[in-house]
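Asks: The structure's right below; bear with me while I get my questions together.
Values in this text are rule-based calculations from the coordinates and carry no lab data. Just so it is clear, the structure is predicted and the values come from calculations on it, not from any experiment. All Cβ positions, even for glycine, are placed from backbone atoms using ideal geometry, and neighbour counts span all protein chains on display.
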């Protein structure tokens, strides 16, 4: 099971790498924000899998919850900013 | 200007790399950093402070004064922002 | 019990008072002034108690949270600390008394938060001076810096930009310091100064320690505005509100030099600095360059406060070069000069504050005819100026004398030349001002006629005048009692070389 | 763990850092800085520093980004470099 | 059967009363001949009475329900059931409930919550099925080399009334195949659809009906409103 | 009453989420002993929940619950709780911040007194950080002028 | 018994990975901002949900597993909302949705 | 040599990050870019400290497990990651965000006065 999770994590890292293309080159700020929130979801899962590697999942859940929460808030804040500007 | 700052940056970086040569092996459990002060925190946290999370016990108890300073830093930042930006309310 | 707990009261009373100040501001604004003075008075009394205890009973150790040193944080107060504590809290006390009218004029709306940050700034300085833990020092350095950024930024036109540059360079300095702490931690595993001093000698050959030392040096040089890294200082101090510059200018650089002394003589042994590394040469060259550059640039200024800023740069050169001389006479001179320089800079900036309070600007031409109009202020100014130049009965003479003696002992003649050159420049600078103030009476009278009666200048208000005169008196007192200060305090503060 | 996940994340971090200082649009730079902080947080969780990761996720990536955005709201997004 | 009758009767009564109220307000306005400014104030007052009647009744109830939900959440998070931590939990949820009970249930009548939860759970399987279909659809689009899409923006009006049901509908639309909600303007949903066909699926209104059912809006239970309006009507008389 | 034309979705979702976020933040503060977290993190999350309300509901809604003056009060009180606990230890004849002396008034053994002292300190830190984070956000996002005044000025 | 749960959780996680992949490919391949949001908004929500559910099942029925489910529920609420917020901002900002050539006429 | 390079990759990465931040801080013209550089610079230092704390060989988080907390095993030092650098870094992160707040406040002040965020334009306006 542990090896399986390592493979999953590597695959997710690869996906994150692919999404980073949109973050770095994505035309305009909107694509970047969308890509960043997509990265957020993937890293959320990676974070919990790290918890399994350490055998202390309950410690990592709090972090990933905060992670999800603040990703959401940041996204909303950026959206509000663009709305008021446009 | 850009060129000058690049030079400064590279010099600093080279100096840092120079310092890295003598560092203990990365992640070595027997490095001095892990052997000198921190063992007490690991071994005694439950006995002395009844707190399983060492980070919390060190943060708020063993080195609690640092944390007081840190909270003061936060307070200073808040007061600074008020001083710099806030304008007085118009009465009425 | 009070004497036992006095060390903590020095820091914690201004801190707690700062927390209450915004709440008091809701009730009445005037209370804040009295409240600040009260808090600083307690702090001064506690530090005087501590100094007394240190002189009689030796070094004080205070364990915060009752944890023993390498694990917890401790205060270590020796003679040098105790002297610095009295200096810092005393300066802050005098500036607090002095601040009232100036603040009312310059920042009528922001008085409450100004006083809050004032107290926090003092807390930061005191915390830096008193602590015996390298990381704790960083935390309080940040408190002092943050408060300083804000206090400078609310000044006149151009102050925010100066403050922004100060933030960038100050953060670089603080981060370099933090990096140095990290490099020391990785090879020793300790953060306590005494503990580090015990462990480090075995590691002096290590490149890590060397890099740590270098980063400490660069970081502190940024904070103390040593010559090539001084670029933030003149703008920041010139454009800050006069009370803020009166508080920060005497203390910030001197506290950084105190940290440098701690670092070179307590954490690292002099052996590392002076025998393994060519620190003697580096510091001497840096000091000499700073003295020449500061003096020459001071000569070129037409703005009084800006001129004082370059004098500060030169004075930093004195002290750094003095440390570079590496003998006990010179170090004695350096410690004495830290003390004198705090007092002298305080005196200069209080006078500058009075001038800008009365004239609404701080150009050199504002001095026209001031001897007639505010004789007491100008008398104090003359005393301070004489002291900066180094005329015998004032305190400035003695520290310079020790420095010259030390450099003669070290056989370094260039430093003596630099000192004399700087004194010469100071003579030119201050006599020019005194001349403007004394002889240009007629011009100023006609000047006054042009503007009508409203601009007639009289003596400064009492709350500003008293601290200024007190500074002048202190300068003379230190001059008279310098021998007993040296035998009682500074002698023990100087490390054995 | 035989696979150096921290190295992989560090590569992401460096990409983000370079992108953040080269992008010619401040809002994009700020958002990329947010992503940078989140990667940092991930790395520290991987290194076992859960408390630091928690703080980084909440303080630096969360509030820091929001403060940046609020500041941009009061100023401008455009920049020359 | 009886219920249906009752509901119908109530509905009729409501309509009548609504008319009557409108007339009353109009009468009031014309009769008193107030300036436009004060007339606006009067309308506000009437509205306030209407709202206040609802709020005053349910404020305490809201608080208790919020408190219980929060405490359950706390117990789930904490996982420590000794008396010290439980009492901390009570204090914390009390404080949060005190500050936030008007947030959680701003526009929901508390009495209905059990039914809503029941129906919502019944709604979920269909929703999850839709989501899975949507994902396979996205997968198909992303992987197909030609990418057969022709996006368009469309608008449609909804018959839903409370904000929570709007939000549920909007999020459901976002999660179902080929459509995302972009905006709600004046009760009109602006939807970005990947193709014409998917947009048409939305227009059949199946999802809307289901959500209306969940939030009890198809039932037209307005008894509370009827009573309130009647009372206010009586006051005006 | 639904205000039509405004952004109902984000408003409603944040309205529903905010109490849970706040409770979660309090959980983080209170459980710093057993899991990652503590005063800073919890305080920041509390501040973030306020910020979310501010972003979505506007100034008026937040001002009703937590105005900028209350933020100043809270930040002072937060740090005062911290330094006050330290001072209390001073009064109980211990050194500053020596929580073990609190056992005299808490009737537990010194180790648990330290644990409780840590809890109290964390609560103080949480208050201060929440208030300051909100205050900084308020100052930066509005430029220090509360929107009511701005309207009056215009 | 244990192995059955493990297999189920593995299946869930693999499903999550599959949808993550398709969402990412969609994010890269789709022609414009709004269509990309289709990919992230739908794909990531379900993918996170499935992955977290799989991990929770692997953990077993404990408080920890329930907490993971809480995160999943939170994402389920937050992800569409965030998508909506960005897309609305994009529309208000004046981004033109991409259209096929024949539709443009 | 190769082993040396690979064995300490954390340190190389932190140096690279720090240099990126440092370069942005001193060479960029835009104030916000400078602040971004400052943020990266400080984060790099945090990375350095956290790298110090790490222990290879199955060390776990600096939070006692239930079994260890009740004294069922003897706690060995190698079993837990060094908590002290983490504590220091919590402080550093908070200092970082405080500095960020003040710097942004000053940037806003400057923008209010000069309507630009570029340093050279502000200097031009000052003269």
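Asks: Kirkwood hydrodynamic radius, chain C, all distinct C-alpha pairs: what's the number in Å?
Replies: 22.8 Å
Asks: If each residue's Cβ is checked for other Cβ atoms within 10 Å, how do C:139, A:19, C:13 rank with the fewest at the top?
Replies: The most exposed by this proxy come first: C:13, A:19, C:139.
Asks: I would also like to ask the following. Hey, how much of the P(r) for segment C:189-275 falls beyond 21 Å, as a percent of Cα pairs?
Replies: The answer is 40 percent, as a whole percent.
Asks: Additional query: For chain B, count all C-alpha to C-alpha pairs, find those more than 19 Å apart, and express that count as a whole percent of the total.
Replies: Here the long-distance tail beyond 19 Å is 71 percent of all Cα pairs in chain B.
Asks: Out of every Cα pair in segment E:112-214, what percent are spaced more than 22 Å from each other?
Replies: 31 percent
Asks: With a cut-off of 8 Å between alpha carbons and a minimum separation of six or more residues, what is the relative contact order of segment F:8-146 in percent?
Replies: Here the relative contact order equals 29 percent.
Asks: Stokes-Einstein at 37 °C, 0.692 mPa s, Kirkwood radius from Cα pairs: D for segment C:278-497 in µm² s⁻¹?
Replies: 182 µm²/s
Asks: Sorted from largest down, what three extents in whole angstroms do the Cα atoms of segment G:2-104 have along their principal axes?
Replies: 57, 23, 16
Asks: Return the single residue from F:129, F:18, F:108 with maximal mean-square fluctuation; model: Gaussian network over chain F, springs between Cα atoms under 10 Å.
Replies: F:108
Asks: Enter the Cα centre distance for the pair segment B:1-65 and segment A:59-86, rounded to the nearest angstrom.
Replies: Here the answer is 31 Å between Cα centres.
Asks: Send over the Kirkwood Rh of the protein assembly as shown, from the inverse of the averaged 1/r over different Cα pairs, rounded to one decimal Å.
Replies: 33.5 Å
Asks: To continue, here is another question. In square nanometres, what is one fourth of the surface area of the convex hull spanned by the alpha carbons of segment H:2-127?
Replies: 10.8 nm²
Asks: Quick one, what does Rg over Rh come out to for segment C:1-90 if you take C-alpha atoms and the Kirkwood Rh?
Replies: Rg/Rh for segment C:1-90 comes to 1.06.
Asks: Sort the following peptides by mean Cβ neighbour count (other Cβ atoms within 10 Å, averaged over residues), highest first: C:35-44, B:62-71.
Replies: Ranked from most to least packed, the peptides come out as B:62-71, C:35-44.
Asks: If we restrict to alpha carbons, what Rg and Dmax does segment C:231-313 come to, in Å?
Replies: Cα radius of gyration and Dmax of segment C:231-313 are 15.4, 44 Å respectively.
Asks: Continuing with the same structure: Run through all the Cα pairs of segment F:8-146 and give the fraction in each 10 Å bin from 0, expressed as whole percent.
Replies: 13, 35, 29, 15, 7, 1
Asks: Enter the mean number of other protein chain beta carbons within 10 Å of the beta carbon of each residue in C:163-175, as an integer.
Replies: Mean number of neighbouring Cβ atoms from other chains: 6.
Asks: A further question follows. Taking the 0 to 90 degree range and rounding to the nearest ten, how far is the long axis of helix F:39-65 tilted relative to the main principal axis of chain F, both from C-alpha atoms?
Replies: Tilt relative to chain F: about 30 degrees.
Asks: Using the Cα atoms of segment C:86-217, I'd like the radius of gyration and the largest Cα-Cα distance, Dmax, both in angstrom.
Replies: Over segment C:86-217's Cα set, Rg and Dmax evaluate to 18.3, 58 Å.
Asks: Over segment D:5-74, how many percent of alpha carbon pairs lie in each 10 Å bin up to the one with the longest distance?
Replies: 23, 47, 25, 4
Asks: Taking only the alpha-carbon atoms of segment C:207-252, what semi-axes of the equivalent ellipsoid follow from 5 times the gyration tensor eigenvalues under a square root, in whole Å, largest first?
Replies: 28, 10, 6
Asks: Taking just the alpha-carbon atoms of chain A, what radius of gyration and Dmax come out, in angstrom?
Replies: According to the Cα coordinates of chain A, Rg and Dmax are 15.1, 50 Å.
Asks: What would the Debye equation give as log₁₀ I(q)/I(0) for segment C:1-271 at q = 0.06, 0.08, 0.11, 0.16 Å⁻¹, counting only Cα atoms as equal point scatterers?
Replies: -0.18, -0.33, -0.62, -1.22
Asks: I want to verify a result. In a Gaussian network model of chain D, Cα cutoff 10 Å, which of these has the top mean-square fluctuation: D:49, D:20, D:35?
Replies: D:49
Asks: Still on this structure, please answer the following. Which angle from 0 to 90°, rounded to the nearest 10, does the C-alpha axis of helix F:68-91 make with the longest principal axis of chain F?
Replies: Tilt of helix F:68-91: around 0 degrees.
Asks: Show that you can apply the helix-only estimate: for chain C, add -39,500 (n - 2.57) for every DSSP H stretch of four or more residues, divide by all residues, and state [θ] at 222 nm to the nearest 500.
Replies: One gets -26000 deg cm²/dmol as the mean residue ellipticity at 222 nm.
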